[in-house]
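In what follows, a structure is listed as structure tokens, so that the remarks can point back to it.
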């Protein structure tokens, strides 16, 4: 479980494709990240959210954490386009005794979106994100002023419309401390809808 409060922007040190095997869920890529000071207390087998994707540490060498990612995860997230040297959002899993500053985030990405527009004002930046037409039904989970996770960041929805667009407002601190400050129009982002909204939708009777 995560909260969507990014701890650090960390750099991809290496990335390799893995030769496919005959297992049901073969790993597709292997990559490593320099996690710096976040290394303290971490162990192999623990989970870290990388751009909002919950991944398991498979190897640790000083500050370098390595991850192996199955094809299903690669295809359904923005991990299909990460590159060596790129910086990614990192959040370690939440401690039971920790302060809950964001919202409930599982690290299970529901879909990806594309940055459709980026409108810069002196005190804020409005980011408009487009979700594909096939996923339009997912808008039932999005509520104005409700929570959403973009690239692992806990954010508040400003508005939604019937053109598969949603908008969020970013303060300068968020732009400085996360990938949303370095991403541009056309870039892919990971989206996780509000967990509570998904459960409520599941329990309500369908018309």
Only one of 200, 196, 142, 182 is out of contact with any helix residue (DSSP H, G or I) (no Cβ under 6 Å at 6 or more places or on another chain) and at pLDDT 90 or above; which?
-> 182
Is it the case that some residue within the range 78-87 is over 19 Å from residue 149 (Cβ atoms), modelled with pLDDT of 95 or more, out of contact with any strand residue (DSSP E or B) (no Cβ under 6 Å at 6 or more places or on another chain) and in a loop (DSSP other than H, G, I, E, B)?
-> yes
If we scan the range 127-134, do we find a residue that is in contact with a strand residue (DSSP E or B) (Cβ under 6 Å, 6 or more places away or on another chain), farther than 15 Å from residue 192 by Cα and outside the structural domain of residue 39 (by TED's automatic domain parsing)?
-> yes
Kindly check whether there is at least one residue in the range 93-109 that is without any contact (Cβ under 8 Å) to a residue 60 or more places away in the chain and surrounded by 18 or more Cβ atoms within 10 Å (Cβ to Cβ).
-> no
Check the range 66-80 and report whether any residue there is in the same structural domain as residue 34 (by TED's automatic domain parsing) and loosely packed, with under 15 Cβ neighbours inside 10 Å.
-> yes
For the range 122-150, enumerate the residues that are part of a strand (DSSP E or B) and surrounded by fewer than 19 Cβ atoms within 10 Å (Cβ to Cβ).
-> 125, 126, 130
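Within the range 151-186, track down each residue that is outside any helix (DSSP H, G or I) and under 15 Å from residue 9 (Cβ atoms). Write out each step before concluding.
Narrowing the range 151-186 to residues outside any helix (DSSP H, G or I): 151-171, 178, 182-186.
Answer for the range 151-186, where residues must be outside any helix (DSSP H, G or I) and under 15 Å from residue 9 (Cβ atoms): 151, 152, 153, 170, 178, 182, 183.
The values are calculated or read from the model by the stated rules, or taken from the named source; none is laboratory data. This structure is a prediction, so every number in the text was calculated from the model and none was measured. Every residue, glycine among them, receives a Cβ derived from its backbone with ideal geometry; neighbour counts consider all protein chains shown.
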